[in-house]
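Q: Take a look at the following structure, please.
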Amino acid sequence: MSNSSSQSSWSRDGQVLPNLEPHTRAKHQILEEYVENLVWTLYGKARRGLDTFTFIDGFCGGGMYRDPETGQLCEGSPIRLIKAVERGCQKSQRQYPIDVKYIFIDSKEKHLECLKNFSIPQSGIDDEFVKNNCQFLQGEFEDLINSILIQVQARKGHSLFFLDPFGWSDVSMASIRKINLLSKSEIIYTYMIDFIARFIEELKSKSSYDSFYKVLEADGYYEEASSSKVGETGHQCYLRNESMRLFRDRGKAKYVFTFSMIPRGLTTRVMYYLIHMSNNLRALEVIKESFWKENTLDYQYYFEMYGFGFRTSDFYQENQFELQFDISKTSEEFCIEKLDDDLERIVWEFADGLSFRELCSLTMEKNPANTNHYIKYLNIKRQENDFEIIRNGKSTRSREIERSDIIRLRKNKQLFLFP
């Protein structure tokens, strides 16, 4: 992340590095693990997967941080991106080559100099690889986005934009919309909801109101936002759901999924969201599969806040700088119960059945479950003789469910429900 704060500034020679904040560490972990699984899924798991990828780090910074406790160097998002892709390829064990390009953008020349001349050499990444696969662009993201989109379109394949700006004004909704309208593109975006929640009432009475709504195109959204209610769980749910609605509608993202960052001292108040946007169901499935076991916010399930949440490491008193993720068995059981509420109603509405893919597409954004939870739930409903699964025109008892399988109520259930 690069921003105008002196606390997040890099010197050209790498002698001055910002401290690695706990929320930045968590953010990088999400990016790194997801990219590894994304590459493994799209490139390596099919007989002939995708072999062209473009990764854009829109606010890359200088590439290295310093751990304030130990003084050790910590790798930033550009280096973590490169290494995550490499691990994803290694997991796949594919023999055909991967065509990958990284575009690193920062508004400050000294940050890019630090990345190229200090951080990347420190990380052990080969100079020839950098020369052939990395592009460094100085400038404001908003000024460069159109030329970048032309590059991405020419390369085709799959693209991921990691956008970690200092504030909401650095990335416009128009740019987010352009990215989402690309074929096979997705975005991981930092959204400072705490700022918006605290100041939105003030914005309504100041000149910055016009700027705010011009950049985010948020007119008609957050109408009930109140700074006096920002600490209430119900209001946090409202802010999150309005944010998802905004990025779906104005950002043209079919699937929107959030990671909630909550610092120490706050129980349910979100500092910012890391928002994943895509128009591809598989991307949503991969990111949920990647992080189910690392979700820490059980309360979200009970208040219909169905994105994943991470208490940043400074939430924990004993090990302040060690990320601690855990999810309880109770939460998984609740997850299955939540599916029962959502999925049974959908299956009832489709008397002739619907495919497993259609069922996931209609509901997966609205619950904490991953694909394995869906399969587990459907097998339970089949054992209880509520559902049947049709494959190639015949009922199947296979516990592995294919995306084209038809899910429908059993005939006796249909007769009962639809006399």
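The values are calculated or read from the model by the stated rules, or taken from the named source; none is laboratory data. For clarity, every value in this text was computed on a predicted model and none was experimentally measured. No Cβ is skipped: glycine too gets one built from the backbone with ideal geometry, and neighbour counts run over all protein chains shown. Surface areas here come from the heavy atoms of the whole protein model, side chains and all, with no ligands, DNA or RNA. Shrake-Rupley method; radii C 1.70, N 1.55, O 1.52, S 1.80 Å.
Q: Mind checking which residues of the stretch 386-401 are exposed (fewer than 14 other Cβ atoms within 10 Å of the Cβ) and in contact (Cβ under 8 Å) with a residue 24 or more places away in the chain?
A: Hits for the stretch 386-401 are Arg399, Glu400.
Q: Now for a different question. Looking at Glu113, Glu109, Glu75, which one is farther than 18 Å from Gln29 by Cα and surrounded by 15 or more Cβ atoms within 10 Å (Cβ to Cβ)?
A: Numbers: Glu109 fails: surrounded by 15 or more Cβ atoms within 10 Å (Cβ to Cβ); Glu75 fails: farther than 18 Å from Gln29 by Cα.
When all the criteria are applied, what remains is Glu113.
Q: Further question: Does Glu36 satisfy the criteria of being modelled with pLDDT of 85 or more, surrounded by 18 or more Cβ atoms within 10 Å (Cβ to Cβ) and either in contact with a Phe, Trp or Tyr (Cβ under 6 Å, 6 or more places away or on another chain) or more than 25 Å from Gln135 (Cβ to Cβ) (or both)?
A: no
Q: Quick check on Lys91: is it out of contact with any strand residue (DSSP E or B) (no Cβ under 8 Å at 6 or more places or on another chain) and under 25 Å from Gly14 (Cβ atoms)?
A: no
Q: So, of the residues in the stretch 256-285 that are more than 10 Å from the chain's Cα centre (by Cα) and open to solvent by less than 10 Å² (accessible area, probe 1.4 Å), which turns out to be modelled with the lowest pLDDT?
A: We begin by selecting, within the stretch 256-285, every residue more than 10 Å from the chain's Cα centre (by Cα); these are 260-272, 279-282, 285.
Of the ones still in play, those that are also open to solvent by less than 10 Å² (accessible area, probe 1.4 Å) are 260-262, 270, 272, 281, 285.
Working: Ser260: 77, Met261: 74, Ile262: 69, Val270: 75, Tyr272: 80, Leu281: 90, Glu285: 89.
The selected residue is Ile262.
Q: Please pick out the residue among Arg12, Arg66 that is in contact with a helix residue (DSSP H, G or I) (Cβ under 9 Å, 6 or more places away or on another chain) and surrounded by fewer than 21 Cβ atoms within 10 Å (Cβ to Cβ).
A: Working: Arg66 fails: in contact with a helix residue (DSSP H, G or I) (Cβ under 9 Å, 6 or more places away or on another chain).
Just a single option satisfies the conditions, and that option is Arg12.
Q: Contact list please: Cβ distance under 6 Å, first residue in the stretch 225-243 and touching a residue at least 24 places away in the same chain (Cβ under 8 Å), second residue aromatic (Phe, Trp, Tyr) and outside any helix (DSSP H, G or I), pairs at least six apart or on different chains.
A: Listed pairs, sorted by first residue: Thr233/Phe303; Cys237/Phe303.
Q: Next up: So, of the residues in the stretch 361-383 that are under 18 Å from Ile287 (Cβ atoms) and of a type in the set (D, E, K, R), which turns out to be most open to solvent (accessible area, probe 1.4 Å)?
A: Among those residues, the one meeting the criterion is Lys366.
Q: Right, something else. So, of the residues in the stretch 344-360 that are charged (D, E, K, R) and free of Cβ contacts under 8 Å to residues at least 60 places away in the same chain, which turns out to be most open to solvent (accessible area, probe 1.4 Å)?
A: The initial filter retains those residues of the stretch 344-360 that are charged (D, E, K, R), namely 344-345, 349, 352, 357-358.
Next cut, free of Cβ contacts under 8 Å to residues at least 60 places away in the same chain only: 344-345, 349, 352, 358.
Working: Glu344: 39, Arg345: 117, Glu349: 115, Asp352: 134, Glu358: 96 Å².
Result: Asp352.
Q: Within the set of pairs 6+ apart or on separate chains, which have a first residue in the stretch 90-107 that is under 30 Å from Asp170 (Cβ atoms), a second that is open to solvent by 20 Å² or more (accessible area, probe 1.4 Å) and charged (D, E, K, R), and C-beta atoms under 8 Å apart?
A: So the pair list comes out as Asp99/Asp51; Asp99/Arg155; Lys101/Arg155; Ser107/Glu140.
Q: Filtering the stretch 166-188 down to residues that are at pLDDT below 95 and not in a loop (DSSP other than H, G, I, E, B), which residue is surrounded by the fewest Cβ atoms within 10 Å (Cβ to Cβ)?
A: Ser169
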